[in-house]
Amino acid sequence: MVYFVATPIGNLKDISLRALEVLREADVIFCEDTRHSLKLLNAYEIKKPLLSCHKFNEKEAAEKIIAAYDGGKQVAVISDAGMPVISDPGNVVCKALKERGVPYTIIPGANAFLSALVLSAMPADRFAFIGFLPDKQGERLRLLKKYEGLDLTLCFHAAPQDVDRYISDMYSVFGNRPACAVREITKIHEEAVNFTLAEGLKGEKKGEYVLIIGGAEQEKNPYSGLTPQEHIKAYMAQGYDKKEAVKLAAKDRGVTKSELYKYTIDL
C-alpha cells in the first residue's frame, strides 16, 4: 500500500498515532525535502530510507513509488508540512497511481488553511481554497477576477515577500473587504491579525501566511421587508399589471405564483 501521510504544520506533537505507526512500518519514505523531514523523523526515532518527491521530479518519483509497491514494499509519502497534494507535491503521483491501478490511502492530520479559517473567526460555513497565486501580476489578477463575485470566504497561501502585493491586487479586484492574516500556526508566535484590504496588513512580514478574505456581499433585495401584498403593490406601482407583479414577487420570495394570488383579492 502507498500512504499519503499528513505531518505537523508547526508543532511536532501534532502528528497522529496512526501516522507514526505507518512511518515506522514503511519500507521507504518519499519526502518533499529529505533534510526538512529528518527533523520530524529524528524526533520520533524513525530511521528509514528517504527519497525525494518534489515539484521538479514528481513524475520520476511516481515511477519509483510504483516500482517500490510492485516490489512488495510499503511506501509513505510526506510533504514538508500538512497534507501532501494540498499546495504541495503529490497530485502527479496520485494521478499516476490511479492510472496504474496502485491502491493508496491517506493518513489525515494537520492542515494550515483550515486551522487559519478557524483562527480568523470569519464565516466558515462556505469557503473556497485557492492556495498560492501566480507570480506574474497579470495572471494573478485574472485568477482573482474569477472569484470576485463569490459570496464565500476565500483562503490563500502566501510567502512573506508576497503578502503585500497579494493584498494590493486583491483590493484592486475585490474592493474593500474584511481579511485576516494568520501565521506561525501551532507555534509560540502564532497570530491571527484582522484588517481590511483597503488598509492593508501593517508591520514586517515573517513566516508563511494564510490570508482569509471575506466573500462578496450580495445585493440586498429592496423588497425583503415588505409583506406579500406590499411587495406585489410595489411592482404594480412601477407599471406592471397584477399578473406580472405576482410573477416577479414570487420569484423574489422563492415561492410559487399560486401562493401569492390570495394577496391580490383586494388589489
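Taking the condition open to solvent by 60 Å² or more (accessible area, probe 1.4 Å), touching a strand residue (DSSP E or B) at 6+ places or on another chain (Cβ under 8 Å), of a type in the set (Ser, Thr, Tyr) and modelled with pLDDT of 95 or more, does Tyr166 pass? In short, no. Answer yes or no as to whether Tyr261 is more than 30 Å from Asp125 (Cα to Cα), open to solvent by 60 Å² or more (accessible area, probe 1.4 Å), modelled with pLDDT of 85 or more and among the aromatic types (Phe, Trp, Tyr). The answer is no for Tyr261. Of all residues in the stretch 106-153, those that are small (Gly, Ala, Ser), open to solvent by 30 Å² or more (accessible area, probe 1.4 Å) and either within 16 Å of Arg165 (Cβ to Cβ) or in contact with a Pro (Cβ under 7 Å, 6 or more places away or on another chain) (or both) total 1. How about the stretch 48-99: which of its residues are over 22 Å from Glu208 (Cα atoms), of a type in the set (A, V, I, L, M, F, W, C) and either assigned to a loop (DSSP other than H, G, I, E, B) or open to solvent by 40 Å² or more (accessible area, probe 1.4 Å) (or both)? Residues satisfying the conditions are Leu50, Leu51, Ala67, Val92. Scanning the stretch 184-204 for residues that are at negative phi and open to solvent by less than 30 Å² (accessible area, probe 1.4 Å) yields Ile185, Phe195, Leu197, Leu201.
The residues on offer are Val246, Val210, and the sole one that is of a type in the set (Val, Ile, Thr), at pLDDT below 95 and in contact with a helix residue (DSSP H, G or I) (Cβ under 6 Å, 6 or more places away or on another chain) is Val246. For Val102, the conditions (1) in contact with a helix residue (DSSP H, G or I) (Cβ under 6 Å, 6 or more places away or on another chain); (2) of a type outside the set (Asp, Glu); (3) assigned to a strand (DSSP E or B); (4) touching a residue at least 60 places away in the same chain (Cβ under 8 Å) all hold with the exception of (3).
Tell me which residues, restricted to the stretch 114-170, are hydrophobic (A, V, I, L, M, F, W, C) and assigned to a helix (DSSP H, G or I).
Within the stretch 114-170, Leu114, Ala116, Leu117, Val118, Leu119, Leu141, Leu143, Leu144, Val163, Ile167, Met170 meet the criteria.
Please verify whether Leu23 is hydrophobic (A, V, I, L, M, F, W, C), open to solvent by 60 Å² or more (accessible area, probe 1.4 Å) and closer than 20 Å to Lys73 by Cα, treating the condition exactly as stated.
On the way: hydrophobic (A, V, I, L, M, F, W, C): yes; open to solvent by 60 Å² or more (accessible area, probe 1.4 Å): no; closer than 20 Å to Lys73 by Cα: yes.
Criteria not met by Leu23.
Within the stretch 248-267, being assigned to a helix (DSSP H, G or I) and of a type in the set (A, V, I, L, M, F, W, C) holds for Leu248, Ala249, Ala250.
The values are calculated or read from the model by the stated rules, or taken from the named source; none is laboratory data. Because the structure is a prediction, the values reported are computed rather than measured. Virtual Cβ from ideal backbone geometry, glycine too; neighbours counted across all protein chains shown. Heads up: the accessible areas ignore ligands, DNA and RNA and are worked out on the full protein's heavy atoms, side chains in. Shrake-Rupley method; radii C 1.70, N 1.55, O 1.52, S 1.80 Å.
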